[in-house]
Amino acid sequence: MSEEVINEFTEQIIYRLNESTRMVTISFNQLSENDIWKRFNESSNSIGNLILHLCGNITQYAISSLGNKEDKRERDAEFSAQEGFSKKELLYKLTNIVEEAKEVIQDCTYSEWMRKREVQGFNFSGIGIAIHVTEHYSYHTGQIAFWTKQLKNKSLGFYEGIDLNTKNKNN
């Protein structure tokens, strides 16, 4: 894999992480403090749980594994919490963890991208870890957007002002 490919891969991963953060922030701006910890039923997670879960997952995969730091994740606590953080604190925690993960990703060497390591019982290369972090963040961003739309009954305007009907252009 050439340096050019690695740079493009890194750029796209960072772009997608930024997009998810943007969408979570837009969702959070619509929510009240009470909305953050609501559960629709016993099988559901609150938005607060999803944010704690994202923080744990991004830390475990990107910061700890890719960054070669100790794994201190307590996954069950992410889902059992029913309070403890305000809306502002949760968003701050998430954005800081994403920024730290982006730094690790940007500093990744070729050997770290290719090195296999075990995370949560799975065996991934650094590339696999970056893909996991990105798709996992995106997946839960969609859940947060869905719950926000359910609670507020309105569009979140993620792509307001952009014509999404524009046809592809071959360059």
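Values quoted throughout were computed directly from the atomic coordinates according to the rules given, and no laboratory measurement underlies them. Only a predicted model underlies this, so the values are computations on that prediction, with no experimental measurement involved. Don't worry about glycine lacking a Cβ; one is built from the backbone with ideal geometry, like all the others, and counts go over all protein chains shown.
Scan the chain and hand back the longest stretch that contains none of the GluC sites (Glu not before Pro) lying in DSSP loops with at most 13 other Cβ atoms within 10 Å. Mind showing how you got there, number by number?
Working: sites that count: Glu42, Glu70, Glu74, Glu83, Glu160.
Longest stretch, sites excluded: 84-159.
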Give me the lysines in straight-line cross-link reach of Lys152: C-alpha distance below 21 Å, same-chain residues under 8 apart excluded.
-> Lys38, Lys87, Lys88
Starting from the Cα of Lys102, draw a straight line to each of the aspartates and glutamates and keep only those under 15 Å, dropping any in the same chain fewer than 8 residues away.
-> Glu8, Glu11, Glu19, Glu112, Glu135
At most 16 other Cβ atoms within 10 Å and a DSSP loop assignment: could you name the chymotrypsin sites (Phe, Trp or Tyr not before Pro) in the stretch 88-171 that fit?
-> Phe158, Tyr159
Rounded to the nearest 500, what is the chain's calculated 222 nm mean residue ellipticity when only DSSP H runs of at least 4 contribute -39500 (n - 2.57) each, over all residues?
-> -19500 deg cm²/dmol
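So if each residue of separation counts as 0.36 nm, and I subtract the Cα-Cα distance between Ser86 and Glu4, what length gain in nm does that give? Provide the component values of the computation, followed by the final result.
Working: separation 82, 0.36 × 82 = 29.52 nm, distance 4.18 nm.
Contour length minus Cα-Cα distance gives 25.3 nm.
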With r as the distance between the Cβ atoms of Glu11 and Glu135 and R0 = 22 Å, compute the FRET efficiency 1/(1 + (r/R0)^6) and round to 0.05.
-> 0.85
Please sort by residue number the trypsin sites (Lys or Arg not before Pro) in the stretch 84-171 whose DSSP state is loop and whose Cβ has at most 13 other Cβ atoms within 10 Å.
-> Lys154, Lys167, Lys169
Which helices pass in the chain if a helix is a full DSSP H run, must span at least 27 angstrom along its long axis by Cα, and must have mean Kyte-Doolittle hydropathy not below -1.0?
-> 3-30, 87-106, 126-152
